[in-house]
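Step one of this worksheet: look at the structure below.
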Amino acid sequence: MQLNNRTYQIQGVKVLDIADEFGLPLYVYDADKIIEKIGLLRSSFSGVNLKIKYAAKALTNISILKLMRQQGVEMDSVSVNEARMGILAGFEPGQIMFTPSGVSFEEIREAVALGLQLNVDSLPLLEWVGQTYGSQVPVSIRINPHISEGGNIKISTGHADSKFGISILQRADILALANKYQIQVAGLHIHTGSDFKNADAFLKGADVLFDLATDYPNLTFIDFGSGFKVAYKKGDHITNVAELGRQVSDAFQNFCQQYGRDLELWFEPGKFLVSESGHLLVKTNIVKDNPTRTFVAVDSGLNHLIRPMMYDAYHDIKNISNPADDESSVEKTYTVVGYICETDTFATDRSLPEVRPGDVLSFENAGAYGFSMASNYNARFRPAEVLVYEGKPYLIRQRETFEDLLRGQEIIEFEEELVK
Ligand code: LLP
């Protein structure tokens, strides 16, 4: 989003015009931002066969998946339904990694029948795959490397106490099962957590995989997961993707040369590709002065963007109706809250250009895990979604209606008023 002549714009389209045309609350995504991030990731890796598998859980809209595909990005899924959306978007099933955690064997059967690349997250599942498919289905193995990374414990997945992956201490058990059932181990995978701060931890994870890879001569890829930290706040320490790309590419090339391997290097970024592209636009309902605070209540809440409440995540807020474009603009301190019957605070004591009822605010960096974690709590509609592509806003999800809230409910016809 750019500020030109005191007007916020996305690809030259005025954000207030988008709000007028499509209504609020509204998720707006900037396709150029997504394309820019894909380019940045690609240019950071050299001399390796890089495959980007977009972690679709971050933002699952089919038009976004189609944009990824158009840009030569493949897909990572965590449920068969997510994968089906990918197939609808035009991906070949074989381009879709399926990384389930603790799902039923029925779902695994469906995934295999669809032709997804299966990533195995537990020894019992590996045994079941061996018994059921023997050497027929190439699998990848998700390793828990016992490396703790991630912005907070809820999104750290590589530590010893995490539910994810097969512990690296069970390395011998993995190999024994693979040998017993002649399982084709095509890939190795780690994902240590989202928002990692420390690229060294990432490289340590890579070393674990390189060492393990010596057990499996027929690998075709190594998947390093994701977790690239993006800047939610000015001055945030973010992942230096260019530097990380150089280091991982070097380590990868060394490994391939040393062991005579010809492997693909996979990443599965979610946030890095879509976070910055997304803006949640909301309308200010009420500005109220309490003895201790001034509250701004907006027509949104934890049902639309749960990250601030769930992870104490910081999202920058812009007053689209009252842009601050110079040092002299007057700022006031507000606590921005939602309309849900819970304490759904988006931001506490935030300094913003004056906010008036009716003003349009934007929560920034809302592309990843925004809409995809939205719900109908309090019988509220989820927002509509718009993608700005080549200078034009496209509606990519309609606003919900009351019928959507009722869909699927079976209504019992009780006898009338037994108790008066
Ligand atoms: N690969 C695997 C196996 C994952 O579990 C995840 C995220 C990713 C890739 C993508 O990670 P990313 O690039 O987005 O960091 N809702 C939380 C984040 C949960 C991440 C879950 N797994 C949040 O809003 O911070």
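How many residues does the stretch 74-103 contain that are over 12 Å from Y54 (Cβ atoms), in contact with a strand residue (DSSP E or B) (Cβ under 7 Å, 6 or more places away or on another chain) and either in a loop (DSSP other than H, G, I, E, B) or in contact (Cβ under 8 Å) with a residue 60 or more places away in the chain (or both)?
1
Within the stretch 203-252, how many residues are aromatic (F, W, Y) and touching a Gly at 6+ places or on another chain (Cβ under 6 Å)?
Within the stretch 203-252, residues that are aromatic (F, W, Y) and touching a Gly at 6+ places or on another chain (Cβ under 6 Å) number 1.
Which residue is surrounded by the most Cβ atoms within 10 Å (Cβ to Cβ), if the candidates are limited to the stretch 4-48 and must be of a type in the set (K, R) and modelled with pLDDT of 95 or more?
Here the answer is K37.
Of the residues I396, I412, only one is buried (at least 17 other Cβ atoms within 10 Å of the Cβ), among the aliphatic types (A, V, I, L, M) and farther than 19 Å from N303 by Cβ; which?
I396
Have a look at V112, V73 and point out the one that is more than 14 Å from the ligand (Cβ to nearest atom), more than 18 Å from L188 (Cβ to Cβ) and modelled with pLDDT of 95 or more.
After ruling out the rest, the residue left standing is V112.
So in the stretch 221-243, with the set limited to residues that are touching a residue at least 60 places away in the same chain (Cβ under 8 Å) and in contact with a Leu (Cβ under 8 Å, 6 or more places away or on another chain), which one is farthest from D195 (Cα to Cα)?
Once the filter is applied, the top-ranked residue is F221.
Here is a list: I10, I34, I18. Which entry is of a type outside the set (K, R) and not assigned by TED's automatic domain parsing to the domain that holds D316?
None of the other options fit; the residue is I34.
For A251, are the conditions met, namely being in a helix (DSSP H, G or I) and within 16 Å of the ligand (Cβ to nearest atom)?
Criteria not met by A251.
Hey, can you tell me all the residues within the stretch 150-168 that are at pLDDT 70 or above and either of a type outside the set (A, V, I, L, M, F, W, C) or touching a Pro at 6+ places or on another chain (Cβ under 8 Å) (or both)?
Correct list: T157, G158, H159, D161, S162, K163, G165, S167, I168.
Quick one: in the stretch 284-303, which of the residues that are of a type in the set (A, V, I, L, M, F, W, C) and buried (at least 22 other Cβ atoms within 10 Å of the Cβ) is farthest from the chain's Cα centre (by Cα)?
Only one residue tops the list, namely V296.
In the stretch 347-391, what residues are under 20 Å from I10 (Cβ atoms), away from the ligand (no atom under 16 Å from the Cβ) and assigned to a loop (DSSP other than H, G, I, E, B)?
Those that are under 20 Å from I10 (Cβ atoms), away from the ligand (no atom under 16 Å from the Cβ) and assigned to a loop (DSSP other than H, G, I, E, B): D359, P383, E390, G391.
What are the residues in the stretch 272-283 that are in contact with a strand residue (DSSP E or B) (Cβ under 9 Å, 6 or more places away or on another chain) and surrounded by 24 or more Cβ atoms within 10 Å (Cβ to Cβ), if any?
F272, L273, V274, S277, G278, H279, L280, L281, V282
Looking only at residues that are within 29 Å of I396 (Cβ to Cβ) and crowded, with 18+ Cβ neighbours inside 10 Å in the stretch 94-109, which one is farthest from the ligand (Cβ to nearest atom)?
Filtering first and then ranking leaves Q95.
Please go through the stretch 256-277 and give me each residue that is in a loop (DSSP other than H, G, I, E, B) and within 16 Å of the ligand (Cβ to nearest atom), ordered by number.
E268, P269, G270, S275, E276, S277
Hey, among G187, G245, G225, which residue is surrounded by 15 or more Cβ atoms within 10 Å (Cβ to Cβ), at pLDDT below 95 and within 13 Å of the ligand (Cβ to nearest atom)?
G225
Is it fair to say L118 is more than 14 Å from the ligand (Cβ to nearest atom), touching a helix residue (DSSP H, G or I) at 6+ places or on another chain (Cβ under 7 Å) and not assigned by TED's automatic domain parsing to the domain that holds Q9?
Spelling it out, it is not the case that L118 is more than 14 Å from the ligand (Cβ to nearest atom), touching a helix residue (DSSP H, G or I) at 6+ places or on another chain (Cβ under 7 Å) and not assigned by TED's automatic domain parsing to the domain that holds Q9.
The values are calculated or read from the model by the stated rules, or taken from the named source; none is laboratory data. Computed from a predicted model, the values in this text were never measured in an experiment. Backbone-built Cβ (ideal geometry, glycine too); neighbour counts: all protein chains shown.
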